[in-house]
Every structure is written in structure tokens, then in C-alpha cells.
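Peer 1: Encoded as C-alpha cells, here's the structure I'll be asking about.
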Amino acid sequence: MTAFSRRAFTTAALASLLTACAGQGTKGTAPESGSTAPQPRSPHRTVPAEQARPLARSVPVRLLIPAIGVDTPVISLGLAPDGTVRVPPVTADDRAGWYRHSPTPGRTGPSVILGHVTVGRYGDGVFRRLTELHRGDRIVARLENGTAAEFAVTAVRTVPRTRFPVDDVYGNVDRPELRLITCGGARTGDGYADNVIVFAALSGAESPTSGER
Amino acid sequence: MRRTVLTALALAGTAVLLGTGPAFASEATTPSPVPTAAAPTPEPAESAGPTAAPAEPTRDQSGARPAESAAPTPAPADDDDQVSVVPSGAPDTGVTESSSDSGVGGTAIGAGAAAVLALGGGTFVVVRRRRATGA
């Protein structure tokens, strides 16, 4: 073997080692941006005492939560083949989704709306700040028929995903209620350890003439 | 000459292994991006717009059920259930950056392996040509 070929082999070997190391390096760059800490609840705002009347059935088209700056379109979601609820697609323009087998907002029963806390490389999801809600905060669901159902937050709960309170979320209730669901808590390798659930009750309604759609 | 060719081949093979090794290793260290990435399915079956009012059986219009917001109604269907189909498990509404990143990482490693292969091949050709010209 000549001196030249020896040099060539050495160079090739060195280059291959460097490439292998660089390849491994890219894996370690996953940033841990912002973990969600459960927020304390302050019951300083009052929830309207009287029960608002149920509204006519109409699917939600938009969701507004002024306290945390949410104003998002609402899509319709069904069930995945494995029986879990589908979630909105992971896109840059993240949206909330209404679970179509739950009552429409304003009907008697728990209307369920889901949203992402983060959408991978697109950053924050539409429900990123759900844990900042407090009892009494206003949530407005605009419906397809032009009316809007107004809700007031009654509770914010962070629960381990392994102990998701199915009955509390999907169980029957005697008035129109709303559930907002996202993920939260500590980030694990493949997601989040907890779910954040906002419970709210109907507090009023807007007619089509009283506001924009 | 033959020894040189064999040595070059062995080196190229080693280079490929070095390139692909980390790819396998890193797949293992990123615990399956599949669960998170898979759960937020792009859901082709879903209607993207809320316009189609699904024919959900509108139950319990009376609003006169026995009370209690936390009232546990054992999950699956009773005729009076307000939620007509209770989903199983917890919704997966958080896609972490690392899970969506893994595809990019895998691509980088694949590209690295290809580069190493090309480099090995190039070296082999150069050496062979040098030998042929008697340098």
C-alpha cells in the first residue's frame, strides 16, 4: 500500500467517524420549552347562581376565552379506531375540536371541546394557557346558528392521564356544561403526564343580533 | 493490488456501519415517537368544518336529570346518556417537539450514512486509479 492510499484511507475513516458523531448530535437537540405547571385557583370571581336556559342544538364554530386570549375556530371530532377521542390535526394553525358525540354547547349535558397544549415543531397549541383560567372566567362558544353560549369556569383540574376522570368529564349532568380538555403537567419522552380539564357551566346566551359571529 | 482493493472495501463497509449504527441507536433512545405522533392523527375521516351537523341523538332535552355535575354515570351507554359514546382513555392533546423532531433526526442520520458511503466509494476509485497509473 502506498503512502497516498494510506493517507486516503485515514481521511475516509476520520470522515466517517465525524459523520457518525454529527448524526448522533442532531438527536440531542430536542428543546424542553416550557413545562406546564398547575396553576393555583383563586375563587374570587363569582359564578352566576341561577341556571341559564338550554339553547337550541347547533354545532360550535368558534371558541373564545378572553382571559387567556383564545379565539379559535372549532372543528368536529369523532372517535379513533382504538376508541379514544380524536384530537385536532397537528398544524401551524392549531384549532380546537368539539367531540361530536357530546351535546352541542348550551344543550343540557357536558359538551366536550379538546385542544392541543403544544403542536410539536409548530410551538404552542390553542389551549397552551388553559391552566391559567380561574373560577368565574368567561368562555364563549359561537354556534352555527348565530347564537353564542356563554359559560363560566367552575373548576380547573390537572389529573394524571392514567387516571382520567371519565365519569366527571363525560357523565350526565342536569344543566348545560362545558369541558375543555388538553394535556399538561410534566413532559415525558412521548408526551405529557397529565390532562388539564376545565369545567364550566352555562351562564348566558347571545342572540344572533347581539353580536358578530 | 488485491490487498488494497480488499482493504478499501473493508473500510467502506466499516464506514457504512458507523453511519447506520447511530441511526439504530437513536431510534431506540427516542422512545417511540409513534404514540404521540400517531395519536394526533391527521384524521382524514373527520370533517374539518363544523358545518356538517352530525346526527347525534339529542338526548335529555328536559334538563331534569337528578343533578350533580360530577355525577358518575358508569361509562358506557345507557339510553339516557348525554354523551352517546364515551371515549376510552385520556385524549392525547400534547405533541412534544422531540416527538415531531425524530423524523428530522432520522433523515439527518440517513444522509450522513449516504455521505459516508459516497466518500468510501470515492476513495476506493481514487486509490484504484492511482494504482493503475502506477503512482
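The values are calculated or read from the model by the stated rules, or taken from the named source; none is laboratory data. None of these values were measured; they are calculated from a predicted model. Positions of Cβ are generated from backbone atoms using ideal geometry, with glycine treated the same way; all protein chains shown enter the neighbour counts. Heads up: the accessible areas ignore ligands, DNA and RNA and are worked out on the full protein's heavy atoms, side chains in. Shrake-Rupley method; radii C 1.70, N 1.55, O 1.52, S 1.80 Å.
Peer 1: Among the residues that make up region A:130-150, is at least one of them touching an Asp or Glu at 6+ places or on another chain (Cβ under 9 Å), assigned to a strand (DSSP E or B), among the polar types (S, T, N, Q) and open to solvent by 10 Å² or more (accessible area, probe 1.4 Å)?
Peer 2: Scanning region A:130-150, I find no residue that is touching an Asp or Glu at 6+ places or on another chain (Cβ under 9 Å), assigned to a strand (DSSP E or B), among the polar types (S, T, N, Q) and open to solvent by 10 Å² or more (accessible area, probe 1.4 Å), so the answer is no.
Okay, residues lined up against (1) in a helix (DSSP H, G or I); (2) closer than 26 Å to A:GLU150 by Cα; (3) of a type in the set (Asp, Glu); (4) modelled with pLDDT of 95 or more:
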residue	(1), (2), (3), (4)
A:PHE4	yes, no, no, no
A:CYS21	yes, no, no, no
A:PRO38	no, yes, no, no
A:PRO54	no, yes, no, no
A:ILE75	no, yes, no, yes
A:PRO81	no, no, no, no
A:HIS101	no, yes, no, yes
A:PRO110	no, yes, no, yes
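Peer 1: Right, another one. Would you be able to say whether some residue in region B:95-111 is crowded, with 17+ Cβ neighbours inside 10 Å, more than 7 Å from every other protein chain (Cβ to nearest Cβ) and modelled with pLDDT of 55 or more?
Peer 2: No; the residues of region B:95-111 include none that is crowded, with 17+ Cβ neighbours inside 10 Å, more than 7 Å from every other protein chain (Cβ to nearest Cβ) and modelled with pLDDT of 55 or more.
Peer 1: Shifting gears a bit: Could you list, in sequence order, all residues of region A:58-115 that are out of contact with any Gly (no Cβ under 6 Å at 6 or more places or on another chain), of a type outside the set (A, V, I, L, M, F, W, C) and surrounded by fewer than 17 Cβ atoms within 10 Å (Cβ to Cβ)?
Peer 2: Hits for region A:58-115 are A:PRO66, A:GLY69, A:ASP71, A:PRO81, A:ASP82, A:GLY83, A:THR91, A:ASP93.
Peer 1: Got a number for residues in region B:115-135 being at pLDDT below 70 and surrounded by fewer than 14 Cβ atoms within 10 Å (Cβ to Cβ)?
Peer 2: Here the count works out to 2.
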